[in-house]
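K.L.:
This is the structure I want to talk about, given as structure tokens.
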Amino acid sequence: MVACLVMALAGFLTFGDKTLGNVLNNFPADNTMVTIARLCFGLNMLTTLPLEAFVCREVMLNYWFPDEPFNMNLHLIYSSALVVSAMTLSLFTCDLGIVFELVGATSAAALAYILPPLCYIKLSSRSWRTYVAMAVVAFGCIIMFISVLQTGAQMIKGIADSSPRLERSHITQETNFLLYRWRRTRQVRIRASL
């Protein structure tokens, strides 16, 4: 948590309100150190996906087919579905911040508001507290639904904003920010020379 806080603070202090969800997108594309950092980040993602897919696939197989022996067809279907769904999500958005929002919208609400009260309801006897726990579960489901809707709307808006325009069809936010900094530096140098 401290490392995440330090990185977030460093990104904000460097780029201010122009900080993107993936702070590496704020740096120029031709910077060697940033390119190495992007390569390491890509390798991290490349090696993380199989580990996460393994856990997810095993949980799904144990949940829906608990007593069946290993079945290669089910293994391939679930593995392919996980990889295709991850690829589809990555094709729809280029902003890592939205992906983090989607993960946070689902997992944070489930971990904070839904799963603990469900465990309490399952493990305790009926009393007024179980009804409070049921209300907390309902609240968590509402929060999750609203958060997923907001993130989906941001994803759709991001797709609409990235559609081609007349004169600015291929200029990204990163390029706009770099052009702004270059112009400001140039203006300062011109004023200093006068």
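The values are calculated or read from the model by the stated rules, or taken from the named source; none is laboratory data. Quantities reported herein were computed from a predicted structural model and do not represent experimental measurements. Cβ sites come from the backbone with ideal geometry, for glycine too, and all protein chains shown count toward neighbours. To get the accessible areas, we keep the full protein, side chains included, count just its heavy atoms, and leave off ligands, DNA and RNA. Shrake-Rupley method; radii C 1.70, N 1.55, O 1.52, S 1.80 Å.
K.L.:
Give me the one-decimal Kirkwood hydrodynamic radius in Å for the stretch 33-84, with the sum taken over alpha-carbon pairs.
P.N.:
One over the average 1/r among Cα pairs gives 12.6 Å for the stretch 33-84.
K.L.:
Want the number for Gln154 to Val103: 0.36 nm per residue separation, take away the alpha-carbon distance, what's left?
P.N.:
Between Gln154 and Val103, full extension yields an extra 17.0 nm.
K.L.:
Oh, and also: How large is the charge dipole for the stretch 1-94, taken about the Cα centre, if only the Cβ atoms of Lys, Arg (+1) and Asp, Glu (-1) carry charge, to the nearest 20 debye?
P.N.:
It works out to roughly 300 debye.
K.L.:
Also: Would you kindly state how much longer the chain becomes between Asp30 and Met7 on full extension, computed as 0.36 nm times their sequence separation minus their alpha carbon distance, in nm to one decimal?
P.N.:
Contour length minus the Cα-Cα distance gives 6.1 nm.
K.L.:
Same structure again: Taking R0 as 22 Å, what FRET efficiency do you get between Tyr63 and Lys122 from their Cβ-Cβ distance, rounded to the nearest 0.05?
P.N.:
With a Förster radius of 22 Å, E is 0.90.
K.L.:
Ignoring ligands, DNA and RNA, what accessible area per residue does the stretch 105-159 give at 1.4 Å, in Å²?
P.N.:
Ligands and nucleic acids excluded, the figure is 69 Å² per residue.
K.L.:
Sticking with this one: Could you report the accessible area of Ser85 in Å², rounded to 10, computed with a 1.4 Å probe on the protein chains as they sit in the structure?
P.N.:
60 Å²
K.L.:
Turning to a different aspect of this structure: How much FRET efficiency would the formula 1/(1 + (r/R0)^6) give for Val84 and Ala37, where r is the Cβ-Cβ distance and R0 is 25 Å, rounded to 0.05?
P.N.:
Efficiency for this residue pair is about 0.30.
K.L.:
Please list, by residue number, every one of the chymotrypsin sites (Phe, Trp or Tyr not before Pro) in the stretch 1-77 that is coil in DSSP and has at most 16 other beta-carbon atoms within 10 Å.
P.N.:
Phe70
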